[in-house]
């Protein structure tokens with residue numbers, strides 16, 4: 001069975017060093033996909049089934065066959081920047097959820113440790129596109145997943161959902177915490193992201209992603225469509 005899913009994205013980013021807004025294409029890089037990044041808008045890319053960003057450790061006293069469940073296969077388009085320069089990123093996503101765990105939103109990756117990342121957006125759970133945030137702290141310790149009720153008014157009569165996902169550093173870019181906002185409301189505070197004695201020059205990857213963990217015999221590819229991008233500061237997102 002082949003199912004199609006569309007995702008519309010408008011993404012902005014702000015950094016500590018501000019510059020005038022321009023209208024040039026965003027400088028985005030592909031990750032987990034051989035497809036070319038956008039040079040203009042709109043553009044579309046394809047996400048295959050059996051893609052996910054997830055980390056679940058093996059159980060205590062489990063059999064040797066109970067290996068950790070690790071997946072870092074989510075197609076992503078991102079930009080890189082130093083940890084200390086990040087202030088805010090925002091993405092508007094819309095899609096038609098069809099299969100359990102269909103998801104899209106923002107992702108923050110720490111390339112020094114592939115088991116350290118934060119993602120937030122909409123995820124299809126219990127027959128609803130719920131607000132979803134997953135946080136890992138690195139060193140393979142596992143993921144902490146939280147879900148909240150759907151954003152009120154986010155679904156149209158055809159079943160498509162649309163909302164804004166924001167990652168924002170507290171205190172106008174000077175605090176330790178990262179706030180995750182979905183549908184205009186804070187749903188998660190991650191207190192360690194910008195905490196001392198972190199390396200201010202550590203590279204972050206911030207971007208938008210989509211994933212469909214369903215197996216190929218359950219669902220086919222879905223199409224991600226990017227509407228446009230805006231630039232705040234000196235970085236595209």
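The values are calculated or read from the model by the stated rules, or taken from the named source; none is laboratory data. As the structure is a prediction and not an experimental result, all values here were calculated from the model. Glycine also receives a Cβ, built like all others from the backbone with ideal geometry; neighbour counts cover every protein chain displayed.
Miscellaneous remarks
- For the stretch 162-193, a residue qualifies if it is touching a helix residue (DSSP H, G or I) at 6+ places or on another chain (Cβ under 9 Å) and either within 12 Å of residue 89 (Cα to Cα) or at pLDDT below 95 (or both), and the qualifying residues are 173, 178, 179.
- When residues in the stretch 140-161 are screened for being surrounded by fewer than 18 Cβ atoms within 10 Å (Cβ to Cβ), farther than 27 Å from residue 114 by Cβ and in contact (Cβ under 8 Å) with a residue 40 or more places away in the chain, 3 of them pass.
- For the stretch 127-194, the strands (runs of 3 or more DSSP E) that sit wholly inside it and include 1 or more residues that are touching a strand residue (DSSP E or B) at 6+ places or on another chain (Cβ under 6 Å) and under 21 Å from residue 13 (Cβ atoms) are 128-136, 161-169, 178-182, 185-190.
- The condition of being in a loop (DSSP other than H, G, I, E, B) and either in contact with a strand residue (DSSP E or B) (Cβ under 9 Å, 6 or more places away or on another chain) or farther than 30 Å from residue 199 by Cα (or both) does not hold for residue 120.
- Any hit, the stretch 82-89, residues being closer than 30 Å to residue 158 by Cα, in contact with a strand residue (DSSP E or B) (Cβ under 6 Å, 6 or more places away or on another chain) and buried (at least 17 other Cβ atoms within 10 Å of the Cβ): yes
- Hey, residue 35 closer than 23 Å to residue 146 by Cβ and either at pLDDT below 85 or part of a loop (DSSP other than H, G, I, E, B) (or both) or not: no
- For residue 88, the test of being within 26 Å of residue 171 (Cβ to Cβ) and outside any strand (DSSP E or B) is failed.
- Among the residues listed as 123, 170, 202, 185, the single one being closer than 25 Å to residue 96 by Cα and either over 14 Å from the mean Cα position of the chain (by Cα) or surrounded by fewer than 20 Cβ atoms within 10 Å (Cβ to Cβ) (or both): 185
- Failed condition for residue 58, given (1) surrounded by fewer than 22 Cβ atoms within 10 Å (Cβ to Cβ); (2) touching a strand residue (DSSP E or B) at 6+ places or on another chain (Cβ under 8 Å): (2)
- The requirement of being at pLDDT 90 or above and in a strand (DSSP E or B) is fulfilled somewhere in the stretch 210-230, by at least one residue.
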